[in-house]
1. With point charges of +1 on the Cβ of Lys and Arg and -1 on the Cβ of Asp and Glu, referenced to the Cα centre of the chain, which listed residue (LEU18, ALA47, HIS121) lies farthest in the positive direction of the dipole?
2. Which semi-axes, in whole Å and largest first, does the equivalent ellipsoid of segment 1-66 have when worked out from the alpha carbon gyration tensor as the square roots of 5 times its eigenvalues?
3. Looking only at segment 155-181, which residues have a backbone nitrogen under 20 Å from a spot 7 Å from the Cα of THR102 in the C-beta direction?
4. Which value, in Å² rounded to 10, gives the accessible area of SER75 with a 1.4 Å probe and all protein chains present?
5. Given a cut-off of under 8 Å on Cα pairs at least six residues apart, what relative contact order in percent is computed for the chain?
6. With a bin width of 5 angstrom, please list the P(r) values of the chain as percents of all Cα-Cα pairs, from the 0 bin to the one holding the largest distance.
7. For the chain, what does the helix formula give at 222 nm: sum of -39500 (n - 2.57) over DSSP H segments with n ≥ 4, over the residue count, nearest 500 deg cm²/dmol?
8. Could you work out the per residue convex hull volume over the alpha carbons of segment 35-125, in cubic angstrom?
Amino acid sequence: MSLDRSRPFWLHAQPLILASKSEGRRLALAQTGAPFLVHPAEIDERAVEAEVLAAGGDADAVAARLARDKARTVSSARPGALVLGADQVASCEGRQFGKPATVADAGAQLRFLSGRTHRLHSAAAIARDGALLFETVAHADLTMRDVSDEFLAGYLDHVAEAATTSAGAYQIEGLGVHLFERIVGDHWTIIGLPLLPVLAALRREGALLS
C-alpha cells in the first residue's frame with residue numbers, strides 16, 4: 001500500500017470533519033497528521049444542556065449529548081464523511097459549568113473553583129450520514145490554587161473573551177496553566193478531546209492505518 005505523505009496513515013477518501021470551533025481541538029487533531037476540515041455545528045448548546053439536566057442527566061450526559069448532536073447534525077450535511085463532534089463540561093461539588101456567558105461569569109466561576117478540585121468531562125462522538133458510530137466520555141481532575149483577587153483580575157485582563165470559550169474558563173495550554181497546583185488526567189482530555197479513544201475508533205472504521 002502506498003501512503004500519501006501529506007496525510008500520514010489516513011485511508012478514508014474524504015478528510016475528517018471537526019464539528020467544533022475549539023482552537024484546542026483543532027491543534028490536537030493537527031498533531032495527528034490526519035487531514036481535516038472545520039465545520040462547527042450550529043446547535044443551541046444551552047437549550048440542549050437545559051433539556052438534559054431537566055431529565056435528570058449529569059455532567060457526563062450533558063457532554064455526551066452535545067458531542068452526539070454536533071456530530072450527527074454536521075454529518076447529515078456532509079454525505080459519506082466521518083464527522084467528529086466534541087464537548088466538555090466541568091463539575092465541582094454538585095455544580096456543573098458550561099462555557100461562561102461573559103467574562104464576569106468566568107470570574108465568578110474561577111473564584112468558586114479556586115482552592116477546589118473540579119472534574120472535566122470531555123466527550124467525543126463520530127458520525128457518518130447522521131448515524132452515530134462511536135462515542136466516549138473521559139475525565140480529568142484539576143486542583144486549582146487558592147488564587148488571589150489580584151491574580152484573578154490580572155488573568156482575566158490578559159485572556160479577556162477567551163475565558164468564555166471553554167467549560168473551565170481557562171486554556172491549560174495557555175496562561176490557564178498558572179491557575180493549577182495539581183492535575184490528574186491526560187492533556188487531550190483537559191483541552192476537550194479524548195484523542196486516543198478517537199484515534200482507535202477511526203482505526204476500527206478503516207479510516208486510519210492499523
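The values are calculated or read from the model by the stated rules, or taken from the named source; none is laboratory data. These numbers were taken from a predicted model, which means no experiment stands behind them. Because the Cβ atoms are built from the backbone with ideal geometry, glycine has one as well, and the counts that use them run over all protein chains shown. To get the accessible areas, we keep the full protein, side chains included, count just its heavy atoms, and leave off ligands, DNA and RNA. Shrake-Rupley method; radii C 1.70, N 1.55, O 1.52, S 1.80 Å.
1. LEU18
2. On the way: eigenvalues 219, 26, 21 Å².
Rounded to whole Å, the semi-axes are 33, 11, 10.
3. 155-170
4. Rounded to the nearest 10, the figure is 0 Å².
5. Details: 421 pairs, mean separation 45.4, N = 210.
Relative contact order here is 22 percent.
6. 1, 8, 16, 19, 19, 14, 11, 7, 4, 2, 0, 0
7. Values: 7 runs with 72 residues, N = 210.
Result for the chain, helices only: -10000 deg cm²/dmol.
8. Working: hull volume 10.5 nm³, N = 91.
Enclosed volume per residue, from the Cα hull, is 115 Å³.
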